[in-house]
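Read the structure below first, then the notes.
The values are calculated or read from the model by the stated rules, or taken from the named source; none is laboratory data. Note that this is a predicted model, so its numbers are computed, not measured. Glycine also receives a Cβ, built like all others from the backbone with ideal geometry; neighbour counts cover every protein chain displayed. Protein only, heavy atoms only, side chains kept; ligands, DNA and RNA dropped before computing areas. Shrake-Rupley method; radii C 1.70, N 1.55, O 1.52, S 1.80 Å.
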Amino acid sequence: MPKLTRYICVVLLFLVLVAIRAFEDYLFYDPYLTFFENDYLYLDNPRREVAKLVVFTSLRFLLNTLVSLGILYLIFYDKVMIKFSAMLYIVAYVLLIVPFLYFVINPKQEDYYLFFNIRRFLIQPIGLIFLLPAFYYHNLNR
C-alpha cells in the first residue's frame with residue numbers, strides 16, 4: 001500500500017475515534033457520562049441498568065480497540081506487533097472489566113475516583129496512546 005494511502009487511512013481512523021467520542025451520548029448507554037461531568041464526589045450514584053451498561057461499555061472498548069489496532073497496523077505494518085497488541089487489549093479488558101463490574105454493582109462514594117479512572121481506560125483509546133510511542137521507540141532501536 002502506498003504511504004500516502006496509509007497516512008490518509010490513519011487520519012480517517014483517527015477521525016473515527018473522534019466520532020466515537022463526539023457521538024458517545026447517542027451511540028452508547030452510559031449514565032455515568034453526565035454523572036462524572038458534575039461534582040460527582042457529592043452526588044448519589046445514578047440509576048443504571050447493569051447488563052446494558054456492561055454491554056455498551058464493552059462495545060465501546062471493542063470499537064476503540066479495533067480502530068486502534070487498525071491505526072497501529074497502518075503505521076507500523078507489522079502483524080506480530082498487532083497480535084501482541086491484540087493480546088494486550090484482551091488482557092487489559094479482562095483486568096479492567098472485573099473492577100468495573102464491582103464498582104457498578106457496589107457503588108460507594110469513596111470509590112468514585114477509582115471507578116472514574118477504570119471506566120476511562122475502558123471507554124477511551126488510552127491503549128493507543130501508550131502503544132504508539134512504545135512501538136515507535138521499539139522500531140527506532142531495532
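Numbers below:
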read-out	value
Gain in span if fully extended, Y113 to R142, counting 0.36 nm per residue against the direct Cα distance	6.5 nm
Gain on full stretching of the segment that runs from Y26 to A86 - 0.36 nm per residue minus C-alpha separation	18.9 nm
Residue among F115, L59, F103 farthest towards the positive dipole end of the chain, charges placed on Cβ	L59
Share of carbon and sulfur in the accessible heavy-atom surface of the chain [1.4 Å probe, %]	70
Accessible surface, the chain, averaged per residue in Å² (probe 1.4 Å)	63
Computed helical MRE - 222 nm, the chain, DSSP H runs ≥ 4 contributing -39500 (n - 2.57), nearest 500	-26000 deg cm²/dmol
Sequence-separation-based contact order of the chain, relative, with Cα cut under 8 Å and 6+ spacing, percent	30
Long-range amide H partners of R48 with built H, under 5 Å	none
Stretch gain in nm, segment Q124-D78, where the contour uses 0.36 nm per residue and the Cα spacing is subtracted	14.2 nm
Folded to 0 to 90 degrees: helix 79-105 orientation relative to the chain principal axis, Cα	0
Label point distance in nm, V18-E49, each placed 7 Å from Cα along Cα→Cβ	3.3
Entry for Cα extents along the principal axes in Å (calculated from the structure that is shown) out of (i) 108, 36, 27; (ii) 42, 28, 27; (iii) 53, 28, 25	(iii)
Cβ-derived FRET efficiency at R0 30 Å, A134 paired with V98, nearest 0.05	0.75
Phi to ³J(HN,Hα) by Karplus 6.51 cos²θ - 1.76 cosθ + 1.60 over the range 66-71, Hz, x for Gly, Pro	5, 5, 5, 5, x, 4
